[in-house]
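One structure is given here, and the rest of the page talks about it.
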There are 2 protein chains.
Amino acid sequence: MPRSRFAGSLSTPCVDVAIDMGNPLLNLTVDGFLKIGAVAATRAAAEDVFHIVKKGSISKNNCEHTLKKMCKEGAYWGTVAGVYVGLEYGMERVRGTRDWKNAMMGGVLTGALVSAASNNNKDKVVIDAITGGAIATAAEFIRYLT
Amino acid sequence: MPRSRFAGSLSTPCVDVAIDMGNPLLNLTVDGFLKIGAVAATRAAAEDVFHIVKKGSISKNNCEHTLKKMCKEGAYWGTVAGVYVGLEYGMERVRGTRDWKNAMMGGVLTGALVSAASNNNKDKVVIDAITGGAIATAAEFIRYLT
């Protein structure tokens, strides 16, 4: 069951969200979407807070714009993460092992899917697939280092 | 002792590189640099191979350009990874615990350092620090999911 925990500050309070979709693949995907979406929304908010603090003034427009950006970026990162987590899980089931090749294939497929969904240039889809695979492999290697 | 294993094909042959710098922090950093550098160099090579295959012709210039790009991208990704791995290890030693906050702080510092080293715009350094922290946090969350 995916349990997403969002910490409002660096220590307390916490909000626990638990959703059970009745299927491990769906659970993983939803969990990835929620967690990474929350991270991306926080990033967008932090970026806008910095801009507002720097400018020294705040308006209703700022808030609306920030909120829209949070939703947009959260949904985008969340979708990418959900697709990746689901594909990596699928790879693991199909291949029957856990290693960096799952991450690489997951990254390649995610890059290709996300790129194909957002543009029509076939060359760019291939390049994005290669880049996605490289990023996923790099993240997997760092995971074993730290 | 860092042991970097590069697989030439998807199964064999393998090259094992082991370098001991006599210090766990340096070992991690060097290991991160080598592994992620290799991934980035492979990505650059794969991208250029795709372009060459698509164009259907190859020249000496292509090879030189690809080699230069592999070195440049490998060094860049490797440096970023080395800095991040070193900082996350440092965070762990300073804070005494292992959790996603190490990854976040490591990402923030890495983003700020890399951005400060490559450009002079102070605003961009802050934005890159926020983005670095978000990416590292997202990667850490995905690590627990998969």
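The values are calculated or read from the model by the stated rules, or taken from the named source; none is laboratory data. From a predicted model like this one, the values you see are computed outputs, not experimental measurements. With ideal geometry, Cβ positions are generated from the backbone for all residues, glycine too; neighbour counts draw on all protein chains shown.
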message: What are the pairs with Cβ atoms under 8 angstrom where one residue, in region B:19-42, is among the aromatic types (Phe, Trp, Tyr) and the other, located anywhere, is surrounded by 24 or more Cβ atoms within 10 Å (Cβ to Cβ)? Sequence gap at least six, or different chains.
response: B:Phe33/B:Ala81
message: Quick check on my filter: what residues within region A:106-131 are in contact with a Leu (Cβ under 8 Å, 6 or more places away or on another chain) and at the interface with chain B (Cβ under 10 Å from one of its Cβ atoms)?
response: A:Gly106, A:Ala129
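State yes or no: is A:Glu92 within 9 Å of another protein chain (Cβ to nearest Cβ), within 24 Å of B:Val126 (Cα to Cα), acidic (Asp, Glu) and over 15 Å from the mean Cα position of the chain (by Cα)?
no
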query: Are any residues in region A:21-33 hydrophobic (A, V, I, L, M, F, W, C) and under 14 Å from A:Tyr84 (Cβ atoms), and if so, which ones?
result: A:Leu25, A:Leu28, A:Val30, A:Phe33
- line: Scanning region A:43-85 residue by residue, those more than 9 Å from chain B (Cβ to nearest Cβ) and of a type in the set (Asp, Glu) turn out to be A:Asp48, A:Glu64, A:Glu73
- line: Checked region B:85-122 for anything among the β-branched types (Val, Ile, Thr), modelled with pLDDT under 90 and within 18 Å of B:Phe141 (Cβ to Cβ); matches are B:Thr97
query: On the given criteria, is A:Thr137 over 22 Å from A:Asn23 (Cβ atoms), assigned to a helix (DSSP H, G or I) and facing another protein chain (nearest Cβ under 8 Å)?
result: yes
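What residue, of A:Asp16, A:Asp20, is at pLDDT below 80, more than 19 Å from the chain's Cα centre (by Cα), loosely packed, with under 13 Cβ neighbours inside 10 Å and not small (Gly, Ala, Ser)?
Unique residue meeting the criteria: A:Asp20.
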message: Suppose we filter B:Lys60, B:Lys69 for residues that are surrounded by fewer than 19 Cβ atoms within 10 Å (Cβ to Cβ), touching an Asp or Glu at 6+ places or on another chain (Cβ under 9 Å) and among the basic types (Lys, Arg); which single one remains?
response: B:Lys69
query: Which residues, counting only those in region B:106-126, are surrounded by fewer than 18 Cβ atoms within 10 Å (Cβ to Cβ) and of a type outside the set (Gly, Ala, Ser)?
result: B:Asn119, B:Asn120, B:Asn121, B:Lys122, B:Asp123, B:Lys124
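Answer with yes or no whether B:Ala103 is more than 17 Å from A:Val49 (Cβ to Cβ), more than 10 Å from chain A (Cβ to nearest Cβ) and among the small types (Gly, Ala, Ser).
Working: more than 17 Å from A:Val49 (Cβ to Cβ): yes; more than 10 Å from chain A (Cβ to nearest Cβ): no; among the small types (Gly, Ala, Ser): yes.
Here the answer is no, as B:Ala103 does not meet what is asked.
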